[in-house]
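Visitor: Below you'll find the structure I mean.
The values are calculated or read from the model by the stated rules, or taken from the named source; none is laboratory data. Quick caveat: nothing in here was measured; it's all calculated off a predicted structure. All Cβ positions, even for glycine, are placed from backbone atoms using ideal geometry, and neighbour counts span all protein chains on display.
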Amino acid sequence: MSVLVTGGAGYIGSHTVRALRATDHAVVVLDTMELGHRAALLGAELVVGNIRDRALVTDLCRSHGVTQIVHFAAYKNVGESMEQPDRYWLNNVAGSVDLVEGALAAGVKEIVFSSSCSVNGTPTTMPVTEDAPISPESVYAETKAMVERILGWYGITHGVRAASLRYFNAAGASTDGVIGEDWTHSQNLIPLVMKATLGKRPPVRVFGSDYPTADGTCVRDYIHIEDLADAHVRALRYLRDGGDTVSLNVGSGVGSSVLDIIHATERISGQVVPYEVGPRRAGDPVVTYADPTKVHTTLGWSATRSLDEIIESAWRWHSTHLDGFAD
């Protein structure tokens, strides 16, 4: 019995592959390598291919004795999704259908899906619970919401059981500094802050300092990448033990502002973070953080690492991998 991890050579995927192998799971990774890194897999078996290749998915599942799937393979740039929506519909949505059909042909019916808190759009109440309205505000977010619904229908029609993990903001690197986020294409705040601090990009732009928050900047929920990887291991166990299809918010339940991130980086790195304040950015929610009650009750999972631990691990990785995995 083994686990097929799609998009496993990416940031979250590679940390999850490592966590699975550390808990004695047999793993095979399917990745196009368009954005993935072979070095991030630390020797895990890799098959270069596309989730849209149903025959390949079926063959992989049969030849490796796959019983469960963790599905990461997706494009995730919000701005790009509004400019190239067809790319996102075809890969994220149609590709997920192809993956499920290929898996079903091999008898695989348990899937952990990489979803996103963005399916809720701008939340109306805090903290965000799983019964908050589904109200995507980008093509990317809509693709995540659609796949959640598609998996639900596959449950009704074919007996598929799925755990959709709605991430908040994954951040940091492995505690031992072996793998982390390659910042080449990343638009996430923490890699951008690290990059600016290390002189590898212009100053970080802070979008708005007049929000009704403690320091005037937007507030988000950050979760350490190893905590997030652990949630996937637990979700697979939940499905293996017969758990029903479920959607779960995976976050720390703690909000940190943009300036919190900058000040923590300065404190931990001992360097000044260059940044400049600009006007608000359209579509940015003021405050977003998770209510992690359901994920704790369902999976026995809680975030274990603080913001300082997230920043410390990110600094250790980025300051020693200025060219990402090319180092």
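Visitor: In the range 240-250, which residues are in contact with a Leu (Cβ under 6 Å, 6 or more places away or on another chain) and either within 17 Å of THR217 (Cα to Cα) or part of a loop (DSSP other than H, G, I, E, B) (or both)?
Guide: none
Visitor: Could you say whether any residue in the range 305-315 is under 18 Å from the mean Cα position of the chain (by Cα), buried (at least 19 other Cβ atoms within 10 Å of the Cβ), over 21 Å from GLY172 (Cα atoms) and not β-branched (Val, Ile, Thr)?
Guide: no
Visitor: Just checking, how many residues over the range 61-87 are surrounded by fewer than 19 Cβ atoms within 10 Å (Cβ to Cβ) and aliphatic (A, V, I, L, M)?
Guide: Residues flagged as surrounded by fewer than 19 Cβ atoms within 10 Å (Cβ to Cβ) and aliphatic (A, V, I, L, M) within the range 61-87 amount to 2.
Visitor: Please tell me if ARG201 is more than 24 Å from GLY121 (Cβ to Cβ), assigned by TED's automatic domain parsing to the domain that holds ARG18 and of a type outside the set (Val, Ile, Thr).
Guide: So ARG201 fails the test.
Visitor: Out of everything in the range 6-24 that is touching a residue at least 40 places away in the same chain (Cβ under 8 Å) and assigned to a loop (DSSP other than H, G, I, E, B), what residue ends up being nearest to ASN169 (Cα to Cα)?
Guide: Across the range 6-24, the extreme among qualifying residues is GLY10.
Visitor: To continue, here is another question. Quick one: how many residues across the range 251-298 are of a type in the set (Val, Ile, Thr) and assigned to a loop (DSSP other than H, G, I, E, B)?
Guide: 5
Visitor: Another question, if that's okay. If a residue must be buried (at least 19 other Cβ atoms within 10 Å of the Cβ), touching a helix residue (DSSP H, G or I) at 6+ places or on another chain (Cβ under 7 Å) and assigned to a loop (DSSP other than H, G, I, E, B), how many such residues does the range 191-234 contain?
Guide: Residues meeting the conditions: 2.
Visitor: Report whether or not VAL112 is closer than 22 Å to GLU130 by Cα, among the aliphatic types (A, V, I, L, M) and buried (at least 19 other Cβ atoms within 10 Å of the Cβ).
Guide: Considered against the rule, which asks whether it is closer than 22 Å to GLU130 by Cα, among the aliphatic types (A, V, I, L, M) and buried (at least 19 other Cβ atoms within 10 Å of the Cβ), VAL112 comes out as yes.
Visitor: So which residues in the range 140-190 are more than 16 Å from the chain's Cα centre (by Cα) and of a type in the set (S, T, N, Q), if there are any at all?
Guide: Listed by number, the residues that qualify are THR157, THR175, THR184.
Visitor: Let me ask you something else. Looking at PRO279, PRO292, which is the one that is surrounded by 20 or more Cβ atoms within 10 Å (Cβ to Cβ) and over 19 Å from THR23 (Cβ atoms)?
Guide: After ruling out the rest, the residue left standing is PRO292.
Visitor: Also, quick follow-up: Which condition breaks for HIS185 when tested against (1) of a type outside the set (Ser, Thr, Tyr); (2) surrounded by 15 or more Cβ atoms within 10 Å (Cβ to Cβ); (3) in a loop (DSSP other than H, G, I, E, B); (4) outside the structural domain of PHE72 (by TED's automatic domain parsing)?
Guide: In the conditions (1) of a type outside the set (Ser, Thr, Tyr); (2) surrounded by 15 or more Cβ atoms within 10 Å (Cβ to Cβ); (3) in a loop (DSSP other than H, G, I, E, B); (4) outside the structural domain of PHE72 (by TED's automatic domain parsing), HIS185 misses (2) alone.
Visitor: Can I ask one more? Within the range 220-279, how many residues turn out to be over 25 Å from PRO127 (Cα atoms), of a type outside the set (A, V, I, L, M, F, W, C) and under 18 Å from the mean Cα position of the chain (by Cα)?
Guide: The total comes to 0.
Visitor: Among the listed residues TYR75, TYR154, which satisfies the condition of being aromatic (Phe, Trp, Tyr) and within 27 Å of MET1 (Cα to Cα)?
Guide: After ruling out the rest, the residue left standing is TYR154.
Visitor: Within the range 240-270, which residues are hydrophobic (A, V, I, L, M, F, W, C), over 20 Å from PRO191 (Cα atoms) and crowded, with 21+ Cβ neighbours inside 10 Å?
Guide: Hits for the range 240-270 are LEU248, VAL250.
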